[in-house]
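Only one structure is covered here, and it is reproduced in the block below.
The values are calculated or read from the model by the stated rules, or taken from the named source; none is laboratory data. All figures in this text were calculated on a predicted structure; none of them were measured in a lab. Backbone-built Cβ (ideal geometry, glycine too); neighbour counts: all protein chains shown. Only protein heavy atoms, including side chains, enter the accessible area calculation; ligands, DNA and RNA are left aside. Shrake-Rupley method; radii C 1.70, N 1.55, O 1.52, S 1.80 Å.
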Amino acid sequence: MTSMLRRIARKVVADELPKQGGFPGASNSFPTWITAFDENRPAPRRLIEVAMDAIKVTLNDISLDDLAGRPNSPDYFTIWPGEHYKLLGGLVKSLQPRVIIEIGTDTGLSALVMRKYLPAGGKVVTFDLRPWNTVEETDLVDEDFIDGRLEQRLVDLADPLRFEQNRSLLEKAEFFFVDGPKNIEYETALMKHLSSIKYAKPPIMLWDDTRLAAMVKFWRDLKQPKLDLTSFGHWSGTGLVELV
C-alpha cells in the first residue's frame, strides 16, 4: 500500500510541476521543491557576516556595465536581485580572495565578474571539460587571459586522480564558485574530495541553482555550515557554504 501511494504521489506531483517557460510572463521556469530542513543547527555566524558584508558592497559598489557591453552578454546579466552576477562581484570585493576556483566556465561571465574584482595578485582558475573558445556564445576573448589573472583548466575534479593533480592549487583556494553539471554525482564527489583538504582558513563557497529540482536534495544533505541567499542572488537558487 505504501509503495502504491508513493507512485500516485509522484504522478500527481509530476503532472503539477511547471514546465520550463510554463508560467505566464516568465522567461524561464523550472520544477523545484519547497522543503523544510527539519534540523536544529547553530546559526552559521561567519556566513551571516560574510553575506551581510557582501550584500552591502553589492548594493553600493558593484557595477557590471562594462561587462554588459560585450557582444554576447545577455540582457538579464545586470539584474540584481534575480541574477547572481552582482552578488558574486560583491563577495569577491568584500572577501578579497587571492585564489578563486570556479567550477563550470560556460560563457565566462561569472569568471569575468570575479576577475574584475580580484585583489592585487589574485587569480581565478576556472575548471570545465570544454575549451572556452568552443562555446558558441562565449563572452571571453583571448585578451582576458594575457595577464595571468584568469586561467582555464580542462579537468574533471570529480576524478580522484585529476583532483590529486590539482590539489596544490585547491589547497590555496579562498573562494569557490560552483556552477557544475547538477547531476548530483559530480557535486557529491567534488565535496568528498574537497573534504580531504586541510585549509588554513575554511574557504567560502557560492553554489548556483540550489533550488532546481536536481539540486534540492544535494543542498539539503550538505553537512557544512550553509546559508540560503536566493533572495539576494539567483532566482533558481543561491547558497553560501563554509568549507570546514
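Name the pairs whose Cβ atoms lie under 8 Å apart, with the first residue in region 82-94 and under 14 Å from residue 67 (Cα atoms), the second among the polar types (S, T, N, Q) and in a helix (DSSP H, G or I), and 6 or more positions between them or separate chains?
Correct list of pairs: 85/110; 86/58; 88/110; 89/58.
Could you count how many residues in region 100-130 are in contact (Cβ under 8 Å) with a residue 60 or more places away in the chain and part of a strand (DSSP E or B)?
Residues that pass the stated criteria total 4.
Looking only at helices (runs of 4 or more DSSP H) that fall completely inside region 39-97, which ones have 3 or more residues that are of a type outside the set (Lys, Arg) and open to solvent by less than 20 Å² (accessible area, probe 1.4 Å)?
45-61, 85-95
Among (1) under 16 Å from the mean Cα position of the chain (by Cα); (2) open to solvent by 30 Å² or more (accessible area, probe 1.4 Å), which single condition is residue 164 missing?
Of the numbered conditions (1) under 16 Å from the mean Cα position of the chain (by Cα); (2) open to solvent by 30 Å² or more (accessible area, probe 1.4 Å), the odd one out for residue 164 is (1).
From the list 217, 198, which residue is modelled with pLDDT under 95, open to solvent by 30 Å² or more (accessible area, probe 1.4 Å) and assigned to a loop (DSSP other than H, G, I, E, B)?
198
With (1) within 28 Å of residue 47 (Cα to Cα); (2) β-branched (Val, Ile, Thr); (3) assigned to a loop (DSSP other than H, G, I, E, B) as the list, and residue 138 as the residue in question, which single condition is left unmet?
(1)
Can we say residue 172 is of a type outside the set (Ser, Thr, Tyr), touching a residue at least 40 places away in the same chain (Cβ under 8 Å), open to solvent by 10 Å² or more (accessible area, probe 1.4 Å) and outside any helix (DSSP H, G or I)?
yes
Of the residues 208, 139, which single one is under 29 Å from residue 74 (Cβ atoms), crowded, with 18+ Cβ neighbours inside 10 Å, more than 17 Å from the chain's Cα centre (by Cα) and charged (D, E, K, R)? Please lay out each step first, then the result.
On the way: 208 fails: more than 17 Å from the chain's Cα centre (by Cα).
Result of the check over 208, 139: 139.
If residue 19 satisfies all but one of (1) open to solvent by 50 Å² or more (accessible area, probe 1.4 Å); (2) at pLDDT 90 or above, what's the number of the condition it fails?
Failed condition: (2).
Residue 152 is checked against (1) open to solvent by less than 50 Å² (accessible area, probe 1.4 Å); (2) among the polar types (S, T, N, Q); (3) not in a strand (DSSP E or B) and fails just one. What number does that condition carry?
(3)
How many residues does region 135-155 contain that are over 17 Å from residue 181 (Cβ atoms) and either free of Cβ contacts under 8 Å to residues at least 60 places away in the same chain or β-branched (Val, Ile, Thr) (or both)?
Of the residues in that region, 14 qualify.
Could you please let me know if residue 158 is part of a loop (DSSP other than H, G, I, E, B), buried (at least 18 other Cβ atoms within 10 Å of the Cβ) and either without any contact (Cβ under 8 Å) to a residue 40 or more places away in the chain or of a type in the set (A, V, I, L, M, F, W, C) (or both)?
yes
Residue-by-condition table, conditions (1) on the phi < 0 side of the Ramachandran plot; (2) modelled with pLDDT of 95 or more; (3) hydroxyl-bearing (Ser, Thr, Tyr); (4) touching a Phe, Trp or Tyr at 6+ places or on another chain (Cβ under 6 Å):
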| residue | (1), (2), (3), (4) |
| --- | --- |
| 82 | no, yes, no, yes |
| 89 | yes, yes, no, yes |
| 99 | yes, yes, no, no |
| 102 | yes, yes, no, yes |
| 107 | yes, yes, yes, no |
| 120 | yes, yes, no, no |
| 123 | yes, yes, no, no |
| 128 | yes, yes, no, no |
| 132 | yes, yes, no, no |
